[in-house]
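Notes to accompany the following structure.
The values are calculated or read from the model by the stated rules, or taken from the named source; none is laboratory data. Since we're looking at a predicted model, the values are computed, not measured. Neighbour counts are summed over all protein chains in view; Cβ atoms, including those assigned to glycine, are modelled from backbone coordinates with ideal geometry.
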Amino acid sequence: MATLALDSNQTQSPLKIRINRRGWAVLVGIPVFALTVAAAFFFSMFASDARASSELPTGVETVDVTVIPGDTVWSLAKEYAQGYDVTSAVSHISELNSLQGSEIHVGDSLSIPVLAG
């Protein structure tokens, strides 16, 4: 059995940690990188030219029409979409109402684009 004798006069010196070049690079590099990313983020937030608009967006003005017997998309476009080319009005009506083809049914409610003014 081994016995260890302690000298009461001996003071304990604090442990010294040695850091090599790679350790210094990690110890200093990570905080510097994090601060750089944070500074770039905050700078880009305040230097941006993008501004929020205080006005409500204006969309296409529409009129809602209920389909009656004898109505077709073409006749509705011709009647209500004044100022539009009828062919483009038909495609706008189909797109706005998610129509598959030109088939509509009595009682359907369609949104038809109209020119403002």
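Restricting attention to the stretch 70-81, the residues that are closer than 16 Å to Val60 by Cβ and either part of a helix (DSSP H, G or I) or in contact with a Cys (Cβ under 9 Å, 6 or more places away or on another chain) (or both) add up to 3. State whether the residues of the stretch 79-91 include one that is more than 39 Å from the chain's Cα centre (by Cα), modelled with pLDDT of 85 or more and exposed (fewer than 11 other Cβ atoms within 10 Å of the Cβ). Checked the stretch 79-91: no residue is more than 39 Å from the chain's Cα centre (by Cα), modelled with pLDDT of 85 or more and exposed (fewer than 11 other Cβ atoms within 10 Å of the Cβ). The residue pairs whose first member lies in the stretch 60-82 and is closer than 12 Å to Val114 by Cβ and among the aromatic types (Phe, Trp, Tyr), whose second member is at pLDDT 85 or above and surrounded by fewer than 16 Cβ atoms within 10 Å (Cβ to Cβ), and whose beta carbons are closer than 6 Å, counting only pairs six or more residues apart or on different chains, are Tyr80/Val63. The residues in the stretch 82-116 that are in a loop (DSSP other than H, G, I, E, B) and not aromatic (Phe, Trp, Tyr) can be counted, and the count is 18. Looking only at residues in the stretch 36-75 that are at pLDDT below 85 and among the acidic types (Asp, Glu), the one that is nearest to Asn97 (Cα to Cα) is Glu61.
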